[in-house]
Each structure stands twice: as structure tokens, then as C-alpha cells.
Amino acid sequence: MRHAFAVRIGPVGFRIGSAWAGPVEHLRTLYAGYPTPDDGVADFTVRLEAERPWRRWIRPSVAIRGDFTLPDAAPLPLAQGLLAAEMGMNLQMALGQRRYLILHASAVERDGRALLMTGHSGAGKSTLAALLGERGWRFMGDEFALLDPATGQLHAFPRMISLKNEAIATMAADVDSRRFGPLLKGTPKGDIRHLRPNDAALAAMDRPARPALILFPRFGFESAERPMAPSEVFVRLTQASTNYVALGEPGFAALTGLVKSVPSIAIDYPDTARAVAQVERLWATLAS
Amino acid sequence: MAAILYAADPPEARRRVSLDALDAIHHRPSGQTHLVCEPIPQILEALAAGPADAAGIVARLAIAHEFDPADAATIIAARLAELEAIGLLWRV
């Protein structure tokens, strides 16, 4: 490829090739200071290619290719090349990751113990993790949490945080503007702006944590909390895992072990300020 | 009508974890996960002694468990049909 970039995020190495310089320049800026893949060998490759040769110049549109490809994925305009890179990296992880059980969840850590947050798109897991990461917690990831079947430990995957719509303004109030990527308007997911995790998240990204609490947040409702039974959590997390079936029995053992040992609570919240307060209170109850 | 005889894989073909009122079962030959409640795990255990029909399974369960035998054969027959449908046992 004409332009290439390599990065390691937590335990996973990526190589991203692009037909255009733009997306790679943005990646270099946002991922400045991240390590490169161990021994120079990436786990996954993403290629951002022109949909047709002439589409590199004329109405350039980015097709996402790589080790794993969705044949009917629609190409994105070049202005959304950063989103194409993010989607390509997610796709390789979701379909190709075999070492860890992937949970579609955000995670933060305090005192060596991890808080997992999962839920449907728009539930607020990314925003909450990003916000907690600026308020005394270590940000571990906003999209994927990696559960090691061999140890039961959670590994961080602190990729750049994908903020959508209202969450962009929420975080802009808390964070130095230099940590933001360009505003991508009118993507298939609405407006998106990427936020670079803070230095503390980067410095600790190779340090796993023991899962201690699982939350299922839901945005837009009056504050409420409901403890969840292990069997319900088990079903929800099999649905929230992209590689549970592929992992077979180790995945089964890891997930049953997780839901039996870690309490889970569904929380409704009307705004992020009250969500943060709810999380702090539940965490304090856990520790006492 | 002849009674239907059912058989299941041996216990080592399954990994069972009790979660709460429900058990999770990983079926090794198929790689599938099932969430089940009583008396499903007990039926599968009872079949470790070899194929049996509903009445035979009731008799085996009665050795180790206390229950009202009146409706038991009907209930067990219904569960056996469900277990056959999800592939955890088969007719012989």
C-alpha cells in the first residue's frame, strides 16, 4: 500500500494500509505515543482501498479490506477515512480474535479491579467510560474488553474513543481539544469525533485487571438499579461477544466463571452526571 | 404403541455449570451452549446408565429424587421431546 501505519493497542497489533495519505496522517496523530506491534508483527491487517482504481481521485470512496472482509459493506467517502479505519480494525477483532473472549463492552479500572459496562448502541457505555477515565479511573477501552480464558483477567484495548453525537459536546467540556480528531459529519452513525485516551490509560495499557462489577447502563430514564441474575447476564454477554462460539469450551468456561464471580446490575440514568454518581456509589457499596 | 427409547452422549461429553435456578451446559460434540432448568440435567444424568423410555427414566430418577410420580411420566416425556429437538439426545 502507498501509505502504512502500525500500532499496538493493548495486546493486539494492527497494520493499516491506505491508498490515501489522509486517513494514515490522522491515525498517526491520534495514536502518537502508542507502541508498535511486538517484534514488528501485526495480528491483523486493514486495507483502505479505492473501490475502483479511478475512485482514488474521482469522488474518492474508501472500501474496507483486510484479513476478514464483509463483502457487502458499503464504502465510505474519503472524508470519513478515519471511521473506515476504525470499522476495519473492529471487524478484524470481531471476526479474527481467538486468544481472548471479546466482550462488546467498555471498561475502566481502579485499584486493580475492573468495571465493565455493556449494552445496546446508544446506552452510553463509551461516554461513561470516557468520562470516568477523566475522573479518577483508568480508561481500559470503549468498545471491546478482552477476557483471558486462561487467567480470568481483563485486558485493556484503549483504542481511540469513538464519540457520537451529543457525547462529543459532553467530552469537549472535560478534555483538552488537542486530544480530539477531526469532526466526521453525517456518517452512517451520525456525527463522530475520535478522542485520544489520556496518558495514564496509555501508560497502563499492558496491565490487566480483575473484573469486579458489570453494569448494563441505559440512557434516558429516571435513575433506577436492578440486580441481575447470573443466567440473565450469561445470555446477555454471549450476545455481546463476537467470538463466543468460535472460542468453544474455553469461552464457555471464561464466561460462566465471570458471571458467577462478578455481581451485575442494570442501571437506568437520565444524564451522565447522575450516571457517574450512581457508578461511584455502587462501586463504594461493592468495596464495603 | 411401543415406548420411545432415548439415548444421550455420556456425561463427559458435557460441561455443566450451575449459575442460579438455571444451569449452563456446554455440549462438546456440537459446541453448543444450552441454558436449562430442572429436571433437564437430571434426565441427562439418568441416561448415563443407558437408553431408556420416559417410564424408565422416571424409575431411575425416583431412586435419587423425591417427586410426585403421578404426572411424572407425562412431564418427562415432554422434556425428552424438547431435548431431542435441541440435539442433546436421540431416539434409538
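The values are calculated or read from the model by the stated rules, or taken from the named source; none is laboratory data. Everything quoted here is computed from the prediction, not taken from an experiment. All Cβ positions, glycine included, derive from the backbone under ideal geometry; neighbour counts span all protein chains shown. Heavy atoms of the whole protein, side chains included, go into the accessibility calculation; ligands, DNA and RNA do not. Shrake-Rupley method; radii C 1.70, N 1.55, O 1.52, S 1.80 Å.
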Some residue of segment A:235-248 being more than 14 Å from chain B (Cβ to nearest Cβ) and open to solvent by 30 Å² or more (accessible area, probe 1.4 Å): yes
Residues (touching an Asp or Glu at 6+ places or on another chain (Cβ under 6 Å) and assigned to a strand (DSSP E or B)) located in segment A:1-43: A:V12, A:G13
Subset of segment A:52-68 (residues that are open to solvent by less than 60 Å² (accessible area, probe 1.4 Å) and farther than 12 Å from A:R15 by Cα): A:R55, A:R56, A:P60, A:S61, A:V62, A:A63, A:I64
Scope segment B:1-36; condition outside any strand (DSSP E or B), in contact with a helix residue (DSSP H, G or I) (Cβ under 9 Å, 6 or more places away or on another chain) and within 11 Å of chain A (Cβ to nearest Cβ); matching residues: B:L19, B:D20, B:A21, B:L22, B:R28, B:G31
Criterion violated by B:P41 - all others in (1) outside any helix (DSSP H, G or I); (2) over 16 Å from A:F252 (Cα atoms); (3) open to solvent by less than 60 Å² (accessible area, probe 1.4 Å); (4) within 14 Å of another protein chain (Cβ to nearest Cβ) satisfied: (1)
Residues of segment A:221-262 that turn out to be in contact with a Ser or Thr (Cβ under 6 Å, 6 or more places away or on another chain) and among the aliphatic types (A, V, I, L, M), as a count: 3
Evaluation of A:M205 against (1) within 14 Å of chain B (Cβ to nearest Cβ); (2) assigned to a loop (DSSP other than H, G, I, E, B); (3) aliphatic (A, V, I, L, M) (one fails), failing number: (1)
Residues of segment A:183-208 satisfying the condition of being more than 21 Å from A:G122 (Cβ to Cβ) and either among the small types (G, A, S) or at pLDDT below 90 (or both): A:A200, A:A201, A:A203, A:A204
Residue in segment B:62-79 that is away from every other protein chain (no Cβ under 13 Å), within 30 Å of A:G257 (Cβ to Cβ) and not in a loop (DSSP other than H, G, I, E, B) present: yes
Residue in segment A:183-195 that is away from chain B (no Cβ under 14 Å), surrounded by fewer than 23 Cβ atoms within 10 Å (Cβ to Cβ), among the polar types (S, T, N, Q) and outside any strand (DSSP E or B) present: no
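Table: residues versus (1) more than 28 Å from A:N90 (Cα to Cα); (2) acidic (D, E); (3) in contact (Cβ under 8 Å) with a residue 12 or more places away in the chain.
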| position | (1), (2), (3) |
| --- | --- |
| A:L215 | no, no, yes |
| A:M228 | yes, no, yes |
| A:T238 | no, no, yes |
| A:A277 | yes, no, no |
| A:L282 | yes, no, yes |
Neighbours by Cβ (under 7 Å, 6+ apart or cross-chain): first from segment A:250-261, at the interface with chain B (Cβ under 8 Å from one of its Cβ atoms) and closer than 12 Å to A:I214 by Cα; second open to solvent by less than 30 Å² (accessible area, probe 1.4 Å) and among the aromatic types (F, W, Y): A:V259/A:F234
